[in-house]
Amino acid sequence: MIQGWIQIALTLLIVVAITPFFGRYMARVFQEQRTFLDPILNPIERVLYSLIGVSAKEDMTGWQYARAIVYSNVVMGLLIFFIIINQGWLPLNPTKIGAPTWDTALHTTISFITNTNQQHYSGETYMSYASQMWGLGYHMFTSAATGIVVRSPLFGG
């Protein structure tokens, strides 16, 4: 019991300690100011932009922005659905968990894309490690990031 309280306190302490640093970093990113990661991330960003044909100097219209969000979420949704529905033969499935029904896979996909993360089953007994890591865990972060991305042009920065 005491170990659980220590873990909670330690987690809270770490979050409180790093918040000012990450908060300042995110504020600088949203204000388009230079950050310490720019020398590493800017070359990667330029390569990605050239691959998908996007100009960093050109603003997007509202419709272009909305389409980009929808398209990226459709691609991510297809990816997670594919992973879940094929988990029976994908690696990282030591307990040989089979694929869920298509409607459960679709429900899980939509709930993780929309950041509601609703599960009506026990993840450890219904999803393989690959599904949990590559699908669900990945979308726990990207759905929240999508929320930040959608918020940015609406409220500036």
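The values are calculated or read from the model by the stated rules, or taken from the named source; none is laboratory data. Note that the structure is predicted; figures quoted are calculated from it, not measured. Here the Cβ positions follow ideal geometry from the backbone for every residue, glycine too, while neighbour counts run over all protein chains shown.
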| query | Do any residues in segment 3-31 that are outside any helix (DSSP H, G or I) have Cβ atoms under 8 Å from those of residues that are not acidic (Asp, Glu), where the two are at least six apart or on different chains, and which pairs are they? | reply | Gln31/Gly157
| Which members of segment 38-57 meet the condition of being farther than 23 Å from Tyr25 by Cα, assigned to a helix (DSSP H, G or I) and of a type in the set (A, V, I, L, M, F, W, C)? | Leu51, Ile52
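The rows are residues; the columns are (1) exposed (fewer than 13 other Cβ atoms within 10 Å of the Cβ); (2) assigned to a helix (DSSP H, G or I); (3) without any contact (Cβ under 8 Å) to a residue 24 or more places away in the chain.
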residue	(1), (2), (3)
Ala105	no, yes, no
Thr116	yes, no, yes
His139	no, yes, no
Thr146	no, yes, no
Arg151	yes, yes, yes
Leu154	yes, yes, yes
| message | I need the full set of residues from segment 118-136 which are at pLDDT below 90 and loosely packed, with under 14 Cβ neighbours inside 10 Å, in order please. | response | Gln118, His120, Tyr121, Ser122, Gly123, Glu124, Thr125
